[in-house]
1. Are there any pairs, at least 6 apart or on different chains, whose C-beta atoms fall under 7 Å, with the first in segment 261-289 and over 21 Å from Ile161 (Cβ atoms) and the second among the β-branched types (Val, Ile, Thr) and not in a loop (DSSP other than H, G, I, E, B), and if so, which?
2. Across segment 43-67, what is the number of residues that are part of a loop (DSSP other than H, G, I, E, B) and within 19 Å of the chain's Cα centre (by Cα)?
3. Applying the selection to segment 39-64, what residues are of a type outside the set (A, V, I, L, M) and either touching an Asp or Glu at 6+ places or on another chain (Cβ under 7 Å) or modelled with pLDDT under 95 (or both)?
4. Could you say whether any residue in segment 127-139 is more than 22 Å from Asp232 (Cα to Cα), hydrophobic (A, V, I, L, M, F, W, C) and at pLDDT 95 or above?
5. Name every residue in segment 67-89 that is hydrophobic (A, V, I, L, M, F, W, C) and under 14 Å from Ile32 (Cβ atoms), in order of residue number.
6. Quick one: how many residues across segment 1-42 are assigned to a strand (DSSP E or B) and either surrounded by fewer than 16 Cβ atoms within 10 Å (Cβ to Cβ) or of a type outside the set (Ser, Thr, Tyr) (or both)?
7. Of the residues Ala114, Ala94, Ala123, Ala144, only one is under 21 Å from Gly219 (Cα atoms), crowded, with 23+ Cβ neighbours inside 10 Å and small (Gly, Ala, Ser); which?
8. Any idea how many residues of segment 72-93 are in contact with a His (Cβ under 9 Å, 6 or more places away or on another chain) and outside any helix (DSSP H, G or I)?
Amino acid sequence: MRILVTGSAGHLGEALMLTLQRSHHEAIGLDIKTSPATHRVGSITERDFVRLCMQGVDAVLHTATLHKPHVASHTRQAFVDTNITGTLNLLEEAVAAGVESFVYTSTTSTFGHALTPPAGAPAAWITEGVVPVPKNIYGVTKLAAENLCELFHRIAGMPCIVLRTSRFFPENDDDASVRRAFDDANLKVNEFLYRRADIEDIVSAHLLAIENAASIGFGRYIISATTPFTPDDLQQLRVDAPATVRRYAPDYEAEYRRRGWSMLPTIERVYVNDLARTQLGWQPRYDFNSILRRLQAGEDFQSPLARAVGSKGYHAEVFNEGPYPV
C-alpha cells in the first residue's frame, strides 16, 4: 500500500514515517519543512502540489496542522487556510485519485468548553457522544475539518476515520502556571490517568484506522490512554483526585515520594477510549499503571518511538514568557 503522510516533519508524522518504513508499505512524507522523513516539500494549501503528491496513493494519513500553541503566533486566517482549506484540498484530490481510505488526525481540543464542568459538578466523562464546544480558532478549524471528512464520506463514499488524539507531545505544558507547579515528567505521568497517550499508541491507532476504514465507512474516535477510572469516580475526582488514584494504584504514592512528585489535587475531565478499542481493535500499551511499573524499575516512561522522535517545538523563536507566546 502506498501511504501519503502529511506533516511528516512533525511529531506524529515522523513517528508514522519511522514505523511505516519498517513495514511492507511505501510511505511518502509531505511537509512544508524539509526533514529526513519528508519526500515532498510544499504546502497542503497549494492545490496543484497536493494533486501531484496524491498520484498513485492508496491511503492518506493527514496529520499536518497548525496546533494550539500557534494560536498566539498565527492569524485566524492561517488556521483556516491550513486546517480547513488544506484538508479540503486533500479530500478532493484524494477522491479524484481514487484513494481507498483517509485518516484525519484531530484533537480532543475540539471539545473545548465541554471539558470544564461547572463548579461543584463531577468531572466530565468525555466520550464521542459529548457535543464539542470549541473555545479557540484551533478547535473551530479542527472540528470543521472533521465535518469535511464526514461530508466527503457521504457525498463521495470516501472511507474516512477521524482520530481525536489527546496529548502526546513531549514539550513543556503551554500553561505557565502549570509549568511552575509541576516537574514536567511528573505532570505528563499524571496526565496518563485522563488525557495523554504515548506516541507509539497514537501510531498504532492510525494504522488500525487505515485497515478498518473500508468496513467502518466513517467514524470518530477518542485516542487516549486507557483510564483506570469509571463514571462512579467522577465526583471524587473533582474534589480529591489523590484518594481516587490510590484505589487503582495503591503503590503510586511511594514512588512519587521517592521522586518528590505530587498528584493533581483535582481532575476535571476523563477521556474514554472504549469505542476505539471496540471498533478499531486498538490495544494501547501505555497507561498510568504500566508507566508506574516502568518508573519503579528505573526505566524511562516514554516508549522507544517517543524517544526516537524527541522534542521538536512549535516555534523557531524564543519568547520572553517561556516556550510559548502569550
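The values are calculated or read from the model by the stated rules, or taken from the named source; none is laboratory data. Just so it is clear, the structure is predicted and the values come from calculations on it, not from any experiment. So basically every Cβ, Gly included, is an ideal-geometry build from the backbone, and we count neighbours across all protein chains shown.
1. Final answer for the pair search is Met263/Val245; Thr266/Val239; Arg269/Ile126; Val270/Ile126.
2. Of the residues in segment 43-67, 5 are part of a loop (DSSP other than H, G, I, E, B) and within 19 Å of the chain's Cα centre (by Cα).
3. Thr45, Arg51, Asp58
4. Yes: segment 127-139 contains one or more residues that are more than 22 Å from Asp232 (Cα to Cα), hydrophobic (A, V, I, L, M, F, W, C) and at pLDDT 95 or above.
5. Of everything in segment 67-89, just one residue is hydrophobic (A, V, I, L, M, F, W, C) and under 14 Å from Ile32 (Cβ atoms), namely Ala78.
6. Number of matching residues: 12.
7. Ala94
8. 1
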